[in-house]
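Colleague: A single structure is presented below for examination.
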Amino acid sequence: MLQDMRQHELPICPACGELGRPNTLDHYLPKDVYPHFCVTPVNLFPMCDACQLAKGTKVGDARFPRFFIHPYFDVFVAERVVYLKIEAPFEAPAFSLEIADHLEQADAGLVRKHIRELAIHLRYATYFRNQYRRLLRLTSAMRNSGQDIRQTLETFRVGAAEPSLNAWEHVFYASVLENDDLIDYLCTAQLPSLL
Ligand SMILES: [Zn+2]
């Protein structure tokens, strides 16, 4: 079982959604504190190095008994749990990672804590800035070749929905498509020339 888990073929980290095969197995309940759960399969899942370093031996505190989403038991993560707020001016927008509106209060609180304790919002920031520059370049090329921008971005979104709706690329394209002001900007505004 452990061998199978180590040989998994997951293409993203289930804790943060970053692309790349996570190469460590994390103990949801740290083995130093809960040694009796150290080989319990549901206590183990793949995690990327950045998440594992940030998680360390943290579990929760008096106010939040549980900091982290459990990828097997917290089934609400099958849906997208975050969106990227992209605010004008769209030549140089402000980005912030927000919790999806449809989540129940307790689940939203857990997602917020999970993101903060794993410092996911800081790692997202660079990715989204680069992805946004790429979006402007691609949009420019689509306009030059007469492609329908919303439709083409929708095919990018669908393509990024595998393996998870919480994969960073999917969060990005879904959030772009939900932002009517941004779509309007992409379709009609003069796009910055130096990207
Ligand atoms: Zn991760």
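The values are calculated or read from the model by the stated rules, or taken from the named source; none is laboratory data. None of these values were measured; they are calculated from a predicted model. Every residue, glycine among them, receives a Cβ derived from its backbone with ideal geometry; neighbour counts consider all protein chains shown. Calculation scope for accessible area: heavy atoms of the full protein, side chains included, ligands and nucleic acids excluded. Shrake-Rupley method; radii C 1.70, N 1.55, O 1.52, S 1.80 Å.
Colleague: About the Cα centre, and with charges only on the beta carbon of Lys, Arg (+1) and Asp, Glu (-1), how big is the dipole of segment 55-195? Nearest 20 debye, please.
Modeller: Dipole about the Cα centre, nearest 20: 660 debye.
Colleague: Eigenvalues of the Cα gyration tensor times 5, then square-rooted: what semi-axes does that give for the chain, in whole angstrom, largest first?
Modeller: Over the Cα atoms of the chain, the semi-axes work out to 36, 17, 14 Å.
Colleague: Amide H to amide H, which residues 5 or more places from residue 100 or on other chains are under 5 Å from it, using H placed in the peptide plane?
Modeller: Those lying under 5 Å, H to H, from residue 100 are 82, 83.
Colleague: Tally up the carbon and sulfur contribution to the accessible surface of the chain as a whole percent, 1.4 Å probe, everything protein left in place.
Modeller: Accessible surface attributable to carbon and sulfur in the chain totals 54 percent.
Colleague: Tell me which residues come under 5 Å, amide H to amide H, from residue 66 once H is placed; ignore anything under 5 positions away on its chain.
Modeller: Residues meeting the amide H criterion: 61.
Colleague: Let me ask you something else. For the chain, what does -39500 (n - 2.57) per DSSP helix run (n ≥ 4), summed and divided by total residues, give at 222 nm, in deg cm²/dmol to the nearest 500?
Modeller: Rounded to the nearest 500, the figure is -13000 deg cm²/dmol.
Colleague: Further question on the same structure: Among 17, 56, 146, which one shows the highest mean-square fluctuation when the chain is modelled as a Gaussian network with alpha-carbon springs under 10 Å?
Modeller: Looking only at 17, 56, 146, the biggest GNM fluctuation is shown by 146.
Colleague: If you rank 180, 26 by how much accessible surface each has, with a 1.4 Å probe, what is the order from largest down?
Modeller: Heavy-atom accessible area, descending, gives 180, 26.
Colleague: How far, in nm, would the chain grow between residue 193 and residue 67 when pulled straight, counting 0.36 nm per residue and subtracting the alpha carbon separation?
Modeller: Full-extension gain reported as 41.0 nm.
Colleague: So, in nm, how far is label residue 79 from label residue 105 when the simple model puts each one 7 Å beyond its Cα toward the Cβ?
Modeller: So the label points at residue 79 and residue 105 sit 1.7 nm apart.
Colleague: In square nanometres, what is the average projected area of the Cα convex hull of segment 1-99?
Modeller: 8.3
Colleague: How many Å² of accessible area per residue for the chain, probe 1.4 Å?
Modeller: Per-residue value: 56 Å².
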